[in-house]
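A short write-up of the structure that comes next.
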Amino acid sequence: MKEARIIAAIPTKAENCVLKNNGIFEKFSHEKILKSCLMAGAPLWAAEKISSQAATAAYDGVTTKELKMWVYDSLKRVDTEIADKYLKSNQLRVRTSRDTIESFDKAKIEKTLIVETGASPELADKISTEVWKEVRKLDVEYLTAPMLREMVNTKLVEHGLETYRRRYTRLGIPVYNITNLIENGSRDNANMIHNPETVHKYVADEALKQYALLHILPNELADAHMGGDIHVHDLEFFAGRPLNCLQHDLRLFIKHGLKVDGTGDHTSVAGPPNHIETLMNHSGEIMLAAQQNMSGGQAMCLWNVFVAPFARGLPYEKVKQAVQMFIYNLNMAYAARGSQVPFTSINMEFGVPDFLKDVEAYGPKGKLAGVYGDFEEETRMLQRAFTETLLAGDSDGKPHLFPNTIYVLRDEILKDEYAEDLALVHELSAKYGSAYFVNMLPDYRGNLSNYMGCRTSLGDNWTGDWEQDCMRTGNLAYVTINLPRIAYQSRDEGDIFEYLDGHLRLAEQVLHLRREQAVNCLNDYNLLPFLTQETEGERYYRVENSTLSFGFVGLNEMLLHHCGAGIDDDDARKLGIKVIEFMNKRATELKEDTGYRWTVLQTPAESTAYRFATLDREKFGDTTITQGDEQAAYYTNSSHVPVNSDVSFADKIRIESEFHPLTLGGHIFHAFMGESHSDPQSLMSLTDKIARKSDIGFWAYSSALSFCIKCKTLMKGLQPNCATCGEEKEVEWYDRITGYVQQVGRSKSASGGWNPGKMKELMDRRRY
């Protein structure tokens, strides 16, 4: 079409032709000159005279520039101001990033080059002059700021000035991608619905990812991530929300009240709560407010113990109603990042732990109410109310997806006195598979270990003080190592540890930069007001006690490639243990060298396992060993047994428990249950065995569920249609993908936003 218009515009030989800047000939137009003179403010008589003279003076092949200068000189004889206005109006115009239209000005390019890249005035003049020469050749009505940036960056690359190019690059997202987001949404996160907020989030995320890769991370580290040697998680949050997980201390808000903005300057300030209902409301608001400052999950440990003084003297139904309000509020607060509910966890005790019995308890109005050992009955009542509310599901009968409810098992709990409470929790596990269990019996445990979402964990093994080690801090960040790639590159075991050392050093550098950015956000940028609020003479978030963690994916595939056998082979697994021990040794060395809290964790790998496998297939071809198939390949998560392995359940526990003491930064054991309804008593017996006879530190009984939207029937397994009414399209699927129960799709779409690798893993699972 454009070519046709150009051809049509070419005049005949009998007509004068004007040579435009882009090399195209166009008919001479008396009217164009007349109009441009009038637009500049020239009197009609002058405009007609000048345009007529121009028609006479024009010759075949006259250039646009020549004509403009001739008209300018003619207008100067009439009025210099009009002449200047004409010249300015005929310059190329730029649609700026400030939402203005301005004349092209080479000096502005020079200025931005000097300010943004540190270029010398001489270099800036050289580059801007070259860009101006290219601009003059263009046949466009408007230039845009992104277009000019691209032209400048092209010149910088041509001169080998890559560092300047990185600094000058404009961040953004293609028009096509935004259009697709608006029309179709994204499938990157199943916890996000399709609405305007998610569109805004994805567009902002893309720009901030580019910012982290171009501006914060050096080329070597950015390349290591993009190439697939390591995975830097939450790149979109690296600059402004660098802190990952957080464990709250509810007692401080009980004592001092709540400022949801951290300052009280922009929101109302609430004093210490006087009633359990107020405390429930505050608990939810704390989570929602903190989510604005965090990139990952957040949790409250010892929750029912700290709430217990507010339940003193209240009837059970009133306590349960308050708990219901809290749970519904968490699941209906669709206001976190891109219209998500806050990613929350509650660590629940069955009774008051021994180490808390003599600790001062705070109750209504923030006043002392005795010691927590005085509130054993209320602690148990709150746990029961919480579990019953989760067991009932929502008004449609679906499971409450948040908070992740984590039940803490201690030696004194596994007794007949608590049998009824334990049975109720296992009824919840049998129905929805939504409960988690923390095992405090192994030798590597102290008084307290809390979990903050999918698996990240804090234990009192840093300073030995459970408050300092486990409260008001969290996992600052983690970087994941691609273990199968190391195997592909290695000739022998020595190579494996040499490559592993190199990859760990890359991850270490990233984590140092992440911590540095976090400290800047906390101390200098005033960017995280909720976390920096002062309480009892210190900042709420204790960055000095946060963890920096090495994660890993694909230990099983590494062993398969190097040893010819996977993690379920006793001999091959010895190398696997040596690999994770090597990572722990590096973490210990870094603790001593830096004074920071370094750990090793099993990466959740919601997308990383699929991403690594896809990149390695492209790079290493048939050498790669993956799970899944050609359309959807993935690596086994961390040090897990492959989901489709035929090993017995007892062997799966035995194998994976070897790695939990080595991954104290976070771990999980998945017990994928079959389609038949699990027996709560059988699960309870299994829990007792896992707790007493293994080193498994954290686990869940995961059940695949189907829910018919039409008739509200809940079914076990991933069903293609409703067993009650026969509905096929409106049947939702639920399961635990990596760490928490979530909608994973509908029977006819088979996708709830999860990547193909995760969906294939879901379908591959062997259920016990």
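The table below gives the values:
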quantity: Whole-number percent relative contact order across the stretch 396-517, with pairs defined as alpha carbons under 8 Å at least 6 apart; calculated: 16 percent
quantity: Residues with amide H under 5 Å from that of His400, placed H, sequence gap 5 or more; calculated: Gly393, Asp394
quantity: Principal-axis tilt of helix 145-158 within the chain, Cα atoms, nearest 10 degrees; calculated: 90 degrees
quantity: Tilt relative to the chain, helix 570-594 - C-alpha long axis, 0 to 90 degrees, to 10; calculated: 70 degrees
quantity: Estimated [θ] at 222 nm from DSSP helical runs (n ≥ 4, -39500 (n - 2.57)) normalised by residues in the chain, nearest 500; calculated: -13500 deg cm²/dmol
quantity: Segment Glu130-Asp358, extension gain: residue separation times 0.36 nm, minus the distance between their alpha carbons; calculated: 74.5 nm
quantity: Full-stretch length increase - Glu158, Asp223 - with 0.36 nm per residue and alpha-carbon distance subtracted; calculated: 21.3 nm
quantity: Computed lengthening from Glu31 to Lys693, 0.36 nm per intervening residue step minus Cα-Cα distance; calculated: 228.9 nm
quantity: The stretch 704-768, relative contact order in percent, only Cα pairs under 8 angstrom and at least six apart counted; calculated: 23 percent
quantity: Pairwise FRET efficiency - Glu630 versus Ala207, Cβ, R0 = 45 Å, nearest 0.05; calculated: 0.85
quantity: Listed peptides 543-553, 576-586 by packing density, highest first (mean Cβ within 10 Å); calculated: 543-553, 576-586
quantity: Cβ charges +1 (Lys, Arg) and -1 (Asp, Glu), total dipole of the stretch 284-403, debye; calculated: 300 debye
quantity: Residue order, fewest to most surrounding Cβ atoms within 10 angstrom, among Ser395, Ser645; calculated: Ser395, Ser645
quantity: Global form of the stretch 246-468, assessed from the alpha-carbon gyration tensor, a/c cut-off 1.5; calculated: rounded
quantity: Amide hydrogen neighbours beyond the local backbone of Gly745, cut-off 5 Å, H modeled; calculated: Trp733, Gly752
quantity: Over the stretch 94-168, relative contact order from alpha-carbon pairs under 8 Å, at least 6 apart, %; calculated: 35 percent
quantity: Karplus-derived HN-Hα couplings along the stretch 492-503 (A = 6.51, B = -1.76, C = 1.60, θ = phi - 60°), whole Hz, x at Gly and Pro; calculated: 8, 5, x, 4, 4, 6, 5, 5, 4, 4, x, 5
quantity: Translational D in µm²/s for the chain (Stokes-Einstein at 37 °C, 0.692 mPa s, Kirkwood Rh from C-alpha pairs); calculated: 110 µm²/s
quantity: Nearest-20 debye value, the stretch 246-468 charge dipole, Cβ charges on Lys, Arg, Asp, Glu; calculated: 620 debye
quantity: Cα-based helix-to-principal-axis angle, 196-211 vs the chain, degrees rounded to 10; calculated: 80 degrees
quantity: Thr56/Ala145 FRET efficiency (R0 35 Å; Cβ-Cβ; nearest 0.05); calculated: 0.30
quantity: Spacing of the two label points (7 Å from each Cα toward its C-beta) at Met39 and Glu534, in nm; calculated: 6.1 nm
quantity: Radius 12 Å from Cβ of Gly397, net charge of other residues (Lys, Arg +1; Asp, Glu -1); calculated: 0
quantity: Principal axis dimensions, the stretch 548-667 - Cα atoms, whole angstrom, descending; calculated: 45, 34, 24
quantity: For the stretch 233-238, 3J(HN,Hα) per residue [Karplus equation, 6.51 cos²θ - 1.76 cosθ + 1.60, θ = phi - 60°, Hz, x = Gly/Pro]; calculated: 6, 6, 4, 5, 9, 4
quantity: FRET efficiency estimate (nearest 0.05) - Cβ-Cβ, Ile577 to Glu730, R0 35 angstrom; calculated: 0.15
quantity: Most positive-pole-ward Cα, Leu522, Val203, Tyr372, against dipole of the chain from beta carbon charges; calculated: Val203
quantity: Whole-Å distance, taken between Cα centres, linking the stretch 657-732 and the stretch 304-382; calculated: 26 Å
quantity: Unpartnered cysteines - no second Cys beta carbon under 4.7 Å - across the chain; calculated: Cys17, Cys37, Cys245, Cys301, Cys454, Cys470, Cys521, Cys563
quantity: Karplus-derived HN-Hα couplings along the stretch 521-531 (A = 6.51, B = -1.76, C = 1.60, θ = phi - 60°), whole Hz, x at Gly and Pro; calculated: 5, 6, 9, 10, 8, 6, 9, 10, x, 5, 6
quantity: Residue order, fewest to most surrounding Cβ atoms within 10 angstrom, among Ser283, Ser490; calculated: Ser490, Ser283
quantity: Student exercise, the stretch 388-502 dipole from Lys, Arg, Asp, Glu Cβ charges, in Debye to nearest 20; calculated: 460 debye
quantity: Sorted by Cβ neighbour density within 10 Å, fewest at the top, the residues Trp132, Trp45; calculated: Trp45, Trp132
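Bear in mind these aren't lab numbers, they're just calculated from the coordinates by the rules spelled out. In this text, all values refer to a predicted model and were calculated from it rather than measured experimentally. No Cβ is skipped: glycine too gets one built from the backbone with ideal geometry, and neighbour counts run over all protein chains shown.
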